[in-house]
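Read the structure below first, then the notes.
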Amino acid sequence: MAERHLLLRFYSELGLWDLKLKKMFVGNLPSETKESDLEELFGRYGTVRSLKLITDMFTRKCKGFGFIEMEGHEARAAIEGLNGTDFKGNAIKVTFETQKPGGRRR
């Protein structure tokens, strides 16, 4: 699996392969969720290219949502397979990321 990832990245850098990464929103996560938990959960559907779990700056606990990037076909499979399923007692929401109109920028 790692070899495939390196090969695709190499081809992408040369412009021979277009990696269409899709960013997904994952919501309704329990506060005890760790990045490794999501890596394992989404890893069943393909290679997780990036993962950002939003945490409270003081407690370091999950705020209940995060963002994951995967290749398009893998992301679609993950959304189909995981949206509405139980994760540590919560029914999680998995969708493609959408920009909030007039969202806050820092």
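Points worth noting:
- Check on residue 22, at pLDDT 60 or above, more than 11 Å from the chain's Cα centre (by Cα) and closer than 22 Å to residue 81 by Cβ: no
- Of all residues making up the stretch 64-91, the number that are more than 17 Å from residue 23 (Cβ to Cβ) and touching a residue at least 12 places away in the same chain (Cβ under 8 Å): 7
- Pairs meeting the criteria (first residue in the stretch 19-42 and closer than 14 Å to residue 78 by Cβ, second residue of a type in the set (Asp, Glu) and surrounded by 15 or more Cβ atoms within 10 Å (Cβ to Cβ), beta carbons under 9 Å, at least 6 apart or on different chains) are 21/69; 21/71; 22/69; 22/71; 22/74; 23/69; 24/69; 42/74.
- Of the strands (runs of 3 or more DSSP E) entirely within the stretch 20-81, none holds at least 2 residues that are in contact with a helix residue (DSSP H, G or I) (Cβ under 7 Å, 6 or more places away or on another chain) and loosely packed, with under 14 Cβ neighbours inside 10 Å.
The values are calculated or read from the model by the stated rules, or taken from the named source; none is laboratory data. What you are looking at is a predicted structure, and each value in this text was computed from that prediction instead of being measured. Because the Cβ atoms are built from the backbone with ideal geometry, glycine has one as well, and the counts that use them run over all protein chains shown.
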